[in-house]
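Student: Take a look at the following structure, please.
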């Protein structure tokens with residue numbers, strides 16, 4: 001079953017076809033000493049087996065997230081403007097496409113994507129903060145809560161990436177994308193006071209809530225693909241791709257939450 005995140009699905013479901021590294025086999029011996037040595041040996045790590053582990057995913061994900069946070073903080077501190085935002089947006093789009101469609105793992109591309117997204121997030125967050133003081137802190141807390149909540153729901157078995165769940169989520173995502181595209185086009189013509197469908201009273205908040213929900217549920221698919229990749233024994237280097245995929249989803253989720261909070265606070269003014 002492929003994840004809706006194209007970064008993870010194509011790589012983590014093909015371990016048997018791509019000649020991934022195999023686990024070290026236990027040496028067959030009838031001697032008691034050799035058996036004791038085998039059972040007392042330390043557990044196999046990714047360095048010994050060449051296979052991806054959860055520790056690898058956490059480390060690479062942390063590196064990519066840390067890069068985005070540092071760049072975002074710098075963009076905020078130096079109050080970078082529209083030019084840097086455009087560079088970050090275009091650079092993020094290009095590196096995302098390369099990372100998604102590349103058949104090989106490209107850590108440099110993923111790091112470049114993290115830098116570009118850091119620029120975008122830092123500038124956009126700073127702009128929102130000017131209009132709605134405290135909104136960035138609220139969005140960070142809400143994004144973290146959504147991540148932890150989805151992880152808990154997945155690990156507890158309350159939510160699973162079944163084929164039906166995946167189909168429904170993909171259909172919802174496509175529908176939301178079409179509405180978002182229509183909203184963008186409408187904003188150019190003054191729809192919703194320049195905010196498109198998100199600026200329409202009543203409908204705007206519902207659409208924003210839908211965006212947050214869909215982005216949150218995408219995490220379930222990502223968790224499932226990472227776990228499946230570990231079970232299938234994908235190479236250790238694939239942890240870079242896993243971190244890249246999670247970063248993409250988290251950036252989307254944060255921006256959706258930021259927009260939702262802005263709409264709700266704007267309606268209360």
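The values are calculated or read from the model by the stated rules, or taken from the named source; none is laboratory data. These figures come from a predicted structure and were not determined experimentally. As a convention, Cβ positions derive from the backbone with ideal geometry for all residues, glycine included, and neighbour counts pool all protein chains shown.
Student: Filter the stretch 129-163 down to residues that are more than 19 Å from residue 257 (Cα to Cα) and crowded, with 16+ Cβ neighbours inside 10 Å, then give me how many there are.
Tutor: To start, the set of residues in the stretch 129-163 that are more than 19 Å from residue 257 (Cα to Cα) comprises 152-163.
Still in the running and crowded, with 16+ Cβ neighbours inside 10 Å: 153-154, 159, 161.
Within the stretch 129-163, residues that are more than 19 Å from residue 257 (Cα to Cα) and crowded, with 16+ Cβ neighbours inside 10 Å number 4.
Student: Mind checking which residues of the stretch 146-162 are more than 13 Å from residue 221 (Cα to Cα), in a helix (DSSP H, G or I) and either more than 17 Å from the chain's Cα centre (by Cα) or in contact (Cβ under 8 Å) with a residue 60 or more places away in the chain (or both)?
Tutor: 146, 149
Student: Mind listing whichever residues of the stretch 136-145 are over 17 Å from residue 73 (Cα atoms) and without any contact (Cβ under 8 Å) to a residue 60 or more places away in the chain?
Tutor: Passing the criteria: 144, 145.
Student: Taking the stretch 230-257, which residues are over 16 Å from the mean Cα position of the chain (by Cα) and on the phi < 0 side of the Ramachandran plot?
Tutor: Let us first name the residues in the stretch 230-257 that are over 16 Å from the mean Cα position of the chain (by Cα), namely 230-237.
Selection gives 230, 231, 232, 234, 235, 236, 237.
Student: Suppose we filter 259, 241, 231, 265 for residues that are assigned to a helix (DSSP H, G or I) and crowded, with 24+ Cβ neighbours inside 10 Å; which single one remains? Give the steps one after another, and end with the answer.
Tutor: Values: 259 fails: crowded, with 24+ Cβ neighbours inside 10 Å; 231 fails: crowded, with 24+ Cβ neighbours inside 10 Å; 265 fails: crowded, with 24+ Cβ neighbours inside 10 Å.
So the residue among 259, 241, 231, 265 that is assigned to a helix (DSSP H, G or I) and crowded, with 24+ Cβ neighbours inside 10 Å is 241.
Student: I'd like to check which helices (runs of 4 or more DSSP H) are fully inside the stretch 34-110 and have at least 3 residues that are modelled with pLDDT of 95 or more and within 20 Å of residue 248 (Cα to Cα).
Tutor: Working: elements: 46-49, 54-77, 82-101.
Ranges flagged: 54-77, 82-101.
Student: Then there is this: For residues in the stretch 163-202 being under 23 Å from the mean Cα position of the chain (by Cα) and touching a residue at least 40 places away in the same chain (Cβ under 8 Å), which is farthest from residue 213 (Cα to Cα)?
Tutor: Among those residues, the one meeting the criterion is 163.
Student: Only one residue in 248, 150, 195 is in contact with a helix residue (DSSP H, G or I) (Cβ under 8 Å, 6 or more places away or on another chain) and farther than 19 Å from residue 8 by Cα, so which one is that?
Tutor: On the way: 248 fails: farther than 19 Å from residue 8 by Cα; 150 fails: farther than 19 Å from residue 8 by Cα.
The unique qualifying residue is 195.
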